[in-house]
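Only one structure is covered here, and it is reproduced in the block below.
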Amino acid sequence: MDIVRNLRRETLLLVVLCLGAFFVNNSTLPTDVMEAKNIVTAREVVSENLWLTPTMNGESRIGKPPLAVWVSALVEKVYPDNLSAQRSVCGLMATVWALFFFGVARYLERRRGFAEIATYVFLTCYNVIYFGRQVNRDVYGYAFMMAGIYFLARLFYDERYYQRPHKWRWALLAGLTIGLSILGNGSVACYSMLLPFIIVVVWRKKPDMNGKWKPLATGAAVALVCFGWWYAYLLFSHHDALAQALKNERDAWFSGHVRPWYYYWRFFVEMGIWAILTLAALIVPYWNRRISTKRPYHMAVTWLFSALVLLSIMPQKNMTDLLALAPPCSLAVACLLFYYIENRPKDKWAKGLFFFNGYVVTLIAFGVPVFVHIRMTNWDLIDVGTALFLYFFLTVIAIYIGSSTGRKYTIGIIRGVLALFFVIECFMLGAIGGLFGNSHNMSVAILQKSEEYGNLPMYHSAEEPIAIEVVYEANKSIKPIDFNDEKAVAKAAPCLLLTQKGLAEEMPARVLQLVDTTHVGIFDDNTLPRHHKHYSQDLVNRVTFIRLKEDSISH
């Protein structure tokens, strides 16, 4: 049976859901530090023409693969300072990820509806939505790796479904996409997605490799060329810089953000509204006797446990790495949902799980309009008309989910969750972005619009690191300068100096005597309010304008 037959309606619906998940209101949420790093690097690639050796605020950034930066730089060249355009490209990559995940799910289980349900779960994961709306490298690595996994599955198993499998086509495409994944985000996706998938293939579903080794080896060569040419260029042209960058990356893997092995114990929480079913899916002996989708279930839990163990044994741990678990978790949850669709829960435990999960989702749905009233309407973040619209539709959705739970109508719960997310994404994200605003915010970006200060270079003390978020808002490099070096200060003037304290406290009196100073203001580039736990004083800077005194110039 042709795997791509009759996919038009399903694919169209998935694309619509992706538009809501990744594109609508994509500029409303505040930027984070990773976005700032990527966009600052992209700006410097364009302004300094450093396509092969990117920098970030003047410092080498060759420790990170360049594909994501190149794409951001191209966007920056066409649409300068357009955050929505930058995020849209990552949204496009997240859409690619979702569609190839749909292809993998359909390949694992061909019964009608399974792949759609798995992808619905995937598109309503908090982590997937969040990273699909941010300018980041991770989505490039995972999207291309999912494409590589799909092509590898076609290479390994196509002869079971087709008389003439295209081994070379799938091997070359797998090599290309895996190479692009590494060029996009390094080896992270290889370690957390590809290696667990290979474990699944070897352990759960060994393929017949007759006549496939040559295509597979050629695909591996394509992958090596795809990402290796850049490293080869650096090896011959910037050997010392590359060696230092790789050392820094290695040190980061083994000594940066070191966490205990059990740090990822709450991985299921990252599935958001599907957390309960994700945790329940881990009870393998119970579901193994009941569900009919045994093949995708076994592959999903093996994939999940393999990735979780591999991530847990690494010293460096970040919660962002759990994004790699979204595909196997979505498959495992889809197996449970498919069980409930095929067989209304009969035994006590399955029935209790169904009702508990359904009514928890119902309470969450009922809580959304309450949240709208308390935090949005009362704070004047949305107008009365929009609020009434949201009250009505969100309440209807909540009632529908609750009714579907009572009637043991699993499809109704899934549809209700999709509708809930779509309404939030299309009509609430703008107001939600306002909740995280900083009413005291006065960004250094204001200085770029000033006729007096807009064209002046900016510097910070060499003894104090500058937050990259400030560089992002300034829209120009902020170079370090030694405040004890009279010649360096004299050469830099006229300029703007950014300091954490008053300039008189940080610059020696003998140097201050050379310049006239004007206090421009205190600038706060925090996007979060002052009471928030992640509010940082590093983003609050005093800006001082300096210029040489007349007698210093003549001297």
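For first residues located in the stretch 341-357 and among the aliphatic types (A, V, I, L, M), partners that are open to solvent by 40 Å² or more (accessible area, probe 1.4 Å) and lie 6+ apart or on another chain with Cβ distances below 8 Å form the pairs Ile341/Ile411; Ala350/Arg290; Leu353/Ile276.
Applying the set (1) surrounded by fewer than 14 Cβ atoms within 10 Å (Cβ to Cβ); (2) within 30 Å of Glu342 (Cα to Cα) to Asp383 leaves exactly one unmet item: (2).
Looking only at the stretch 519-536, decide whether some residue is surrounded by 15 or more Cβ atoms within 10 Å (Cβ to Cβ) and closer than 18 Å to Pro494 by Cβ. Checked against the condition, which is being surrounded by 15 or more Cβ atoms within 10 Å (Cβ to Cβ) and closer than 18 Å to Pro494 by Cβ, the stretch 519-536 yields at least one hit.
Of the helices (runs of 4 or more DSSP H) lying entirely inside the stretch 211-280, those containing at least 1 residues that are surrounded by fewer than 13 Cβ atoms within 10 Å (Cβ to Cβ) span 213-237, 239-255. Residue pairs whose Cβ atoms lie under 7 Å apart, separated by 6 or more positions or on different chains, with the first residue in the stretch 122-143 and assigned to a helix (DSSP H, G or I) and the second hydroxyl-bearing (Ser, Thr, Tyr), are Phe122/Ser330; Asp138/Thr320; Gly141/Ser181.
There is at least one residue in the stretch 70-88 that is within 16 Å of the chain's Cα centre (by Cα), at pLDDT 95 or above, farther than 21 Å from Thr11 by Cα and of a type in the set (Val, Ile, Thr). All of Ala73, Ala98, Ala94 fail the test of being surrounded by 21 or more Cβ atoms within 10 Å (Cβ to Cβ) and without any contact (Cβ under 8 Å) to a residue 60 or more places away in the chain, apart from Ala73. For the stretch 128-166, a residue qualifies if it is closer than 17 Å to Pro327 by Cβ, of a type outside the set (A, V, I, L, M, F, W, C) and open to solvent by 10 Å² or more (accessible area, probe 1.4 Å), and the qualifying residues are Tyr130, Asp138, Tyr150, Arg154.
Of the residues contained in the stretch 537-544, none is found to be in contact with a Phe, Trp or Tyr (Cβ under 7 Å, 6 or more places away or on another chain), open to solvent by 20 Å² or more (accessible area, probe 1.4 Å) and either at pLDDT below 90 or over 30 Å from Leu29 (Cα atoms) (or both).
Of the residues Gly113, Gly148, which single one is on the phi > 0 side of the Ramachandran plot and touching a helix residue (DSSP H, G or I) at 6+ places or on another chain (Cβ under 9 Å)? Walk me through it before giving the result.
Values: Gly148 fails: on the phi > 0 side of the Ramachandran plot.
Answer to the check: Gly113.
Of everything listed in (1) closer than 27 Å to Ile413 by Cα; (2) surrounded by 24 or more Cβ atoms within 10 Å (Cβ to Cβ); (3) in contact (Cβ under 8 Å) with a residue 40 or more places away in the chain, the single unmet condition for Ala307 is (1).
Answer yes or no: is there a residue in the stretch 175-190 that is at positive phi, open to solvent by less than 60 Å² (accessible area, probe 1.4 Å) and in contact (Cβ under 8 Å) with a residue 60 or more places away in the chain. Please lay out each step first, then the result.
We begin by selecting, within the stretch 175-190, every residue at positive phi; these are 186.
Going one step further and asking which of them are open to solvent by less than 60 Å² (accessible area, probe 1.4 Å), we end up with 186.
Cutting the leftovers down to in contact (Cβ under 8 Å) with a residue 60 or more places away in the chain gives us 186.
Yes, the stretch 175-190 contains a residue that is at positive phi, open to solvent by less than 60 Å² (accessible area, probe 1.4 Å) and in contact (Cβ under 8 Å) with a residue 60 or more places away in the chain.
The values are calculated or read from the model by the stated rules, or taken from the named source; none is laboratory data. Remember, it's a predicted structure, so these values are computed and weren't measured experimentally. Because the Cβ atoms are built from the backbone with ideal geometry, glycine has one as well, and the counts that use them run over all protein chains shown. Surface accessibility is based on the protein's heavy atoms, side chains included, excluding ligands, DNA and RNA. Shrake-Rupley method; radii C 1.70, N 1.55, O 1.52, S 1.80 Å.
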